[in-house]
Each structure stands twice: as structure tokens, then as C-alpha cells.
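Worksheet: one structure, shown below.
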Amino acid sequence: KQEVTQIPAALSVPEGENLVLNCSFTDSAIYNLQWFRQDPGKGLTSLLLIQSSQREQTSGRLNASLDKSSGRSTLYIAASQPGDSATYLCAVRGNTPLVFGKGTRLSVIA
Amino acid sequence: DTAVSQTPKYLVTQMGNDKSIKCEQNLGHDTMYWYKQDSKKFLKIMFSYNNKELIINETVPNRFSPKSPDKAHLNLHINSLELGDSAVYFCASSPRTSGSGDTQYFGPGTRLTVL
């Protein structure tokens, strides 16, 4: 059974810092991995999707990496801004539907 | 021009009642989903429909019955509501065309509170 873990559960950083969010999964037989952002009281916004054959994806200040064999992914956020404050969720898709981690709650302090 | 919309946004009801949540997507996607996010913010798949046909049912009690009148709509009907049903329910959709991966687009959620 696929399990997804995200560390840390919460993170607080000053504005301008670069930061890394971690995601690990137990079953490496995945089709893809997706990073989402969830703002309080809102739905999820897809940030990046990495196919199993890819090692990383970039979008603006975000860079996500995937090491399928070790069951790990990281989301790198460069030059963090207060507007980046949200919960970041990692989800993997294999033979099962999307399995989500519990998220990392990020606070960027001005 | 909301991509995935849900109604209502908030729903407060008594135990034992029957309620429905509606979902519509205007993205032309073939696949739609219902997820439940519990009080600990853990998000878990409930159902998945592809072109109006059920393809995934993740051991959800049969008090929950999804209905898909067409591929743009996936409604969730819940009978005999229980306290444990209190959660935020998210609808999502994804394309089934090759090359688009499996990106899922989520609705804003419906916060259900059972008293």
C-alpha cells in the first residue's frame, strides 16, 4: 500500500530565503508525482507534475525533483515571498489513485 | 469561467439527513473525482468516474452514492449523514489525452458539518 510522507509538517522562514520541502513515498512503482498548493479555505492548485521518466520540472521560482528509485521528491522554492505562504501537498499516482501526503504548512514572514 | 465548481460551499445539517453536493467542470475532461479531507487535513480519494462510468470506489460506505449525468458533472449524494462525515469534500477532474500527464484540477471544496 502506497504511503506518502512529507517533512517538515510546518516551516516558517523569513522573506527572501530559499527553501526545500521534502516528500517520500514507499512504493517506487509510480506513474507520476504532483505538487499542489492549498490556501486556507480554498481548493488545491497544481504546481508541478513530474512523470516517472523525468527527474525534475521547473516553473518560475519552483523546482521539483524526483528520485523514483529512492522514493523521494523535493520542492525547491527560490527567493520566498509572503504570498508563498500556504500548505504544500505532494501526491503520487501509481496503480492506485492519487495518494496524498499530509502536507507542509509554509509561512513566509515579511 | 471557473474550471471546476462545486455547490454549496458550506453545508450544515443534522445527523440522519440526506444531502447532495454538486460538481461541474468546463474543461472538457473525461475523468472526475471526489476526495475527502478530514479534520487532520488528510486528503483521500473516494470515487473516480471516467466518461460517466465508475472506475474507482475506495471502500466508501454505500451511504455515499456518486451520480454522473454527463461527463461534465459528478454529484455526490450522502444518505443518513453521520458525525464522522464532517469534512471538506473536493471535486476534481483530469484529462485523458496523451501527453497531458495526469494533472488534476480541483474545485474549491464543500465544507460539510454534521451536527
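Read the figures in this text as sums done on the coordinates, not as results from a lab. Keep in mind that what you see is a predicted model, and the values were worked out from it rather than measured. Please note: Cβ atoms are built from the backbone with ideal geometry, for glycine as well, and neighbour counts cover all protein chains shown.
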Output ³J(HN,Hα) for segment A:55-65: one whole-Hz value per residue in order, computed from phi by the Karplus curve 6.51 cos²θ - 1.76 cosθ + 1.60 with θ = phi - 60°, and x for Gly and Pro. 10, 7, 9, 10, 8, x, 8, 9, 9, 10, 10
In debye to the nearest 20, how big a dipole does chain B give about its Cα centre with +1 on each Lys and Arg Cβ and -1 on each Asp and Glu Cβ? 220
Residues of A:26-37, mean number of Cβ from any other protein chain within 10 Å of their own Cβ, rounded to a whole number? 1
Positive end of the charge dipole of chain A (Lys, Arg +1 and Asp, Glu -1 on Cβ, about the Cα centre): tell me which of A:Ser12, A:Phe36, A:Gly94 has its Cα farthest that way. A:Gly94
What is the average number of partner chain Cβ atoms found within 10 Å of a Cβ in A:39-45? 5
Determine, for B:His29, B:His77, the number of other Cβ atoms within 10 Å of each Cβ, and report the residues in order from fewest to most. B:His77, B:His29
Can I get the semi-axes of chain B's equivalent ellipsoid? Compute them from the C-alpha gyration tensor as square roots of 5 times the eigenvalues, in angstrom, largest first. 24, 14, 13
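Neighbouring Cβ atoms within 10 Å as the yardstick, rank A:Phe25, B:Phe64 fewest first. Intermediate results must be reported in sequence, preceding the final value.
Values: A:Phe25 23, B:Phe64 17.
Lowest count first: B:Phe64, A:Phe25.
How large is the charge dipole for chain A, taken about the Cα centre, if only the Cβ atoms of Lys, Arg (+1) and Asp, Glu (-1) carry charge, to the nearest 20 debye? Intermediate values should be presented prior to the final figure.
Working: 10 positive and 8 negative charges, 53 e Å.
Taking the Cα centre of chain A as origin, the dipole is about 260 debye.
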With θ taken as phi - 60° and the coefficients 6.51, -1.76 and 1.60, list the Karplus ³J(HN,Hα) couplings across segment A:18-32 in order, rounded to whole Hz; mark glycine and proline as x. 8, 8, 10, 10, 10, 9, 10, 9, 8, 10, 7, 7, 10, 8, 7
Phi angles of segment B:55-64, converted by Karplus (6.51 cos²θ - 1.76 cosθ + 1.60, θ = phi - 60°) into ³J(HN,Hα) in whole Hz with x for Gly and Pro, give 10, 9, 9, 8, 6, 8, x, 6, 5, 9
Expressed as a whole number, the average count of other chain Cβ atoms within 10 Å around the Cβ atoms of B:35-42 is 3
Once the in-chain neighbours fewer than 8 apart are removed, the lysines whose Cα is under 26 Å from B:Lys9 read A:Lys42, A:Lys102, B:Lys19, B:Lys22, B:Lys36, B:Lys40, B:Lys41, B:Lys44, B:Lys52, B:Lys67, B:Lys71
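Counting only other residues whose beta carbon sits under 9 Å from that of B:Leu11, what net charge do I get with K and R as +1, D and E as -1?
Working: positive: B:Lys9, B:Lys19, B:Arg111; negative: none.
Residues near B:Leu11 contribute +3 overall.
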Test of the criteria: in segment A:1-89, which trypsin sites (Lys or Arg not before Pro) are in a DSSP loop and have at most 14 other Cβ atoms within 10 angstrom of their Cβ? A:Lys1, A:Lys42, A:Arg55, A:Arg61
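Can you figure out the FRET efficiency of A:Lys1 with B:Val12, using R₀ = 22 Å and their beta-carbon distance, to the nearest 0.05? Spell out each step's value before the answer.
Values: r = 34 Å, r/R0 = 1.55.
The value I calculate is 0.05.
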